[in-house]
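Chemist: Input: one structure, supplied below.
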Amino acid sequence: MRVLSVIPPMTQLNTPYPSTAYLTGFLRSRGVAAMQEDLALALVLRLLSRDGLLAIREAIAAQPKQQRSPLVQAFERGFDRYLATIGPAVAFLQGRDPSVGHRIAGRSFLPEGPRFDPLDAYVDPDGGDPLAWAFGALGVQDRARHFATLYLNDVADVLRDAVDARFEFVRYAESLAQSQASFDPLARALAAPLNLVDSTLRELTLAALARHAPQLVLVSVPFPGNVYGAFRIAQAIKLHDPSIVTVLGGGFVNTELRELSEPRVFDYFDYVTLDDGERPLLALLEHLGEAGQMRRPQDKLVRTFVRTGDGVRYIDAGEPDIPFAEVGTPTWDGLPLDRYLSLLDMLNPMHRLWSDARWNKLTVAHGCYWKKCSFCDVSLDYISRYDAATAEILVDRIETIIEETGQTGFHFVDEAAPPKALKALAVELQKRNRAISWWGNIRFEKSFTSELCAQLADSGCIAVSGGLEVASDRLLKLMQKGVSVEQVARVTHAFTDAGILVHAYLMYGFPTQTVQDTVDALEYVRQLFAANCIQSGFFHRFACTVHSPVGQHPERYGITLKPLPATTFAKSDVGFVDPTGVDHAALGVALNKALYNYMHGLGLDQDVRSWFSGRVPRTQVPRHFIERALRQ
């Protein structure tokens, strides 16, 4: 059976989302004719082309002039320049035409829209280059990539204003799916006439079918922002050839569709699978079978939803998952690795890694070895089932991927890579004299000593990210994070001393978090930046999920859950009442503003209260707490 795995819009533009690479590599290891396509990248490249811009202009012309936003009107006025520059800008970001970087860096080549406005906020007090702090005297290529990224974002904003109000490069139409109890909003959107984005995606889908002639199409949906595109792909497939079997899976399904009972989903997808796809797909392939073969009964499917009459049935024969050591090596064969866009939307050296350069995404181990954090979906398989492979197997996979792709950069996408496994990886890489560059997510635990950090740096580690979360010892204990602020300071400083960049995941709005806690947390963060313990961070608003300890035992955290509506579709986030009554949304604006400045080296000497618009309490954290912690 011929199997095609596809990445739906929208995911990263600098590197392929790894789910299809994992499944394609696994299926090929089992003798299945497996192919893959990145329709997310294909869609963006089609829209961001001369033909795409011409089509956008046609869509604008169909609108009454009085309905056109100022951005769209500016695009119309400068259309000839956009048409002339879109090809060179995209080719530059793909690394295919570096020479045009000199023209882009001069800021007289690309048309500039509102996305360029923040550049005027940088002022050099000596009258020199206001961006010299970021790029220096010789940073032509990086400077040009930043400007070209802003330019593409301007075009995306035009698309949103003129063609599809839901369009974004990452969170495309996510409100149609995220925690949507009813399928109705998505059904209405799918029943609407095709706009330019929809029709382009349909054309690309049909072209992929013509190239590969699949009998089975796997659509991997990691995020809510992929759901609408995934259903549009399945819709195009079913209209073209209803005999092609379509299967929906991925991270969004695993977290939000565990109680799926909506029959209309199966107008688009024949099967919906939960958790790791390898075992369910083997069972499904045996069920579908080849002509003349004995087929597995439907009752023997694994973690799979099917439609039965007017209802939905969940089937799980209970067969064990494929061990992590036996899932095989992911393959990127079939994906256009030379067509991904190295974007530079954030000038911070650490923050840029998520969108800059193409990384081979790999997993050190399945699941999380800690699996205690109360805000996390620890009850679900992708967290709860910890399964590791040996360092020898991991480096074998690394070497196979390097041979296939010719690229030595790796992003380890674990929930939290185990210190012992990373140490063993470093030893094995040194043993084989294999040079790579890698980064990934960890926990800031005391096992990361100065000696281990130096060893990891020697093995090629360039950056790590980890959860400091609420930066409050009381709340860290409540959420069972297993670290303290003082410990985080020492560990992050050890990484920085080893030359490894550090990103901190931060959180606000956790149950019982007070205004005082929030102000104190920002002071801790300020001191960590000032002491060069961390170089980057991001504040997330806490969301209570039904699969987390907070969602399952709210009484332990002093909150009351709000009743959930009856659901037939998505179910994940749940509202709650916190007796503290803090307006976390208002505080979040200040936190993110402060953090943005800290990441650019600004405002580190200011009193943290200056970031908040209203009166807030004086911080209770000693001014030099982090410095003292590092001296001890």
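The values are calculated or read from the model by the stated rules, or taken from the named source; none is laboratory data. Note that the coordinates shown come from a computational prediction; the quantities given were computed from them, not determined experimentally. Positions of Cβ are backbone-derived with ideal geometry, glycine not excepted, and every protein chain shown enters the neighbour counts. The area values use the complete protein model at the heavy-atom level, side chains included, leaving out ligands, DNA and RNA. Shrake-Rupley method; radii C 1.70, N 1.55, O 1.52, S 1.80 Å.
Chemist: Which far-off residues, 5 or more places away or on another chain, put their amide H under 5 Å from the one on Leu362, with H placed in the peptide plane?
Modeler: Distant-sequence amide H within range of Leu362: His411, Phe412, Val413.
Chemist: Please figure out what share of the DSSP beta bridges in the chain is antiparallel and state it in percent, rounded to the nearest 5.
Modeler: Given both bridge residues lie in the chain, the antiparallel proportion sits at roughly 25 percent.
Chemist: What are the extents of the Cα atoms of segment 523-581 along their three principal axes, listed from largest to smallest and rounded to whole Å?
Modeler: 49, 27, 19
Chemist: Enumerate the calculated ³J(HN,Hα) couplings along segment 582-592 in order (Karplus 6.51 cos²θ - 1.76 cosθ + 1.60, θ = phi - 60°), each rounded to whole Hz, writing x wherever the residue is Gly or Pro.
Modeler: Result, ordered by residue: 6, 7, 5, 4, 5, 5, x, 4, 5, 4, 6 Hz.
Chemist: Follow-up. Once Rh for segment 425-477 is found with the Kirkwood sum over Cα pairs, what is the Stokes-Einstein diffusion coefficient at 4 °C and 1.567 mPa s, in µm²/s?
Modeler: Roughly 103 µm²/s, to the nearest whole number.
Chemist: Now for a different question. Please report the Cα spread of segment 470-559 along all three principal axes, rounded to whole Å, starting with the longest.
Modeler: 42, 26, 19
Chemist: Between Arg631 and Ala585, with labels modelled 7 Å along Cα→Cβ, what's the label distance in nm to one decimal, could you check?
Modeler: Spacing of the two 7 Å Cα→Cβ label points: 4.5 nm.
Chemist: A further question follows. With n ≥ 4 as the cut-off for DSSP H runs, can you work out [θ] at 222 nm for the chain, using -39500 (n - 2.57) per run divided by the number of residues, rounded to the nearest 500?
Modeler: -11500 deg cm²/dmol
Chemist: Mind giving me the FRET efficiency for Leu604 and Ser108? R0 is 30 Å, r the Cβ-Cβ distance, nearest 0.05 is fine.
Modeler: With a Förster radius of 30 Å, E is 0.30.
Chemist: Sorted by average packing, counted as other Cβ atoms within 10 angstrom per residue and highest first, what order do 239-251, 354-366 take?
Modeler: Answer by packing, highest mean first, reads 354-366, 239-251.
Chemist: While we're looking at this one, here's another question. Taking Cβ-Cβ under 4.7 Å as the only way to count a partner, pick out the unpartnered cysteines of the chain.
Modeler: Cys with no partner Cβ under 4.7 Å: Cys368, Cys453, Cys461, Cys533, Cys544.
Chemist: Rounded if a/c is under 1.5, else prolate if a/b beats b/c, else oblate: with a ≥ b ≥ c from the C-alpha gyration tensor eigenvalues square-rooted, which is segment 227-308?
Modeler: oblate
Chemist: Per residue of segment 452-465, in order, report the coupling 6.51 cos²θ - 1.76 cosθ + 1.60 (Karplus, θ = phi - 60°) as ³J(HN,Hα) in whole Hz, putting x for Gly and Pro.
Modeler: Ordered by residue, 3J(HN,Hα) equals 5, 4, 5, 5, 5, 4, 5, 7, x, 5, 10, 6, 9, 10 Hz.
Chemist: Give me the distance between the Cα centres of segment 233-288 and segment 553-615, rounded to whole Å.
Modeler: 35
Chemist: Just need the relative contact order of the chain here, percent rounded to a whole number, with Cα pairs under 8 Å and 6+ apart.
Modeler: Contact order relative to length: 13 percent.
Chemist: A follow-up question, please. Which whole-number percentage describes the relative contact order of segment 494-566, with Cα contacts under 8 Å and a sequence gap of 6 or more?
Modeler: Result for segment 494-566 is 38 percent.
Chemist: Let me ask you something else. Treating the Cα atoms of segment 267-421 as identical point scatterers in vacuum, please give the log10 of the normalised Debye intensity I(q)/I(0) at q = 0.14, 0.18, 0.19 Å⁻¹, two decimals.
Modeler: -0.97, -1.22, -1.25
Chemist: Considering only protein heavy atoms, what per residue accessible area in square angstrom results for the chain with a 1.4 angstrom probe?
Modeler: 41
Chemist: Separate question: For the chain, what mean projected area does the convex hull of the alpha carbons give, in nm²?
Modeler: About 29.7 nm², averaged over all directions.
Chemist: While we're looking at this one, here's another question. State the percentage of accessible surface on the chain attributable to carbon and sulfur atoms; use a 1.4 Å probe and exclude ligands, DNA and RNA.
Modeler: In the chain, the share of accessible area belonging to carbon and sulfur is 51 percent.
Chemist: May I pose another question? Any idea what the dipole of the chain comes to, in debye rounded to 20, about its Cα centre with Lys/Arg Cβ at +1 and Asp/Glu Cβ at -1?
Modeler: 300
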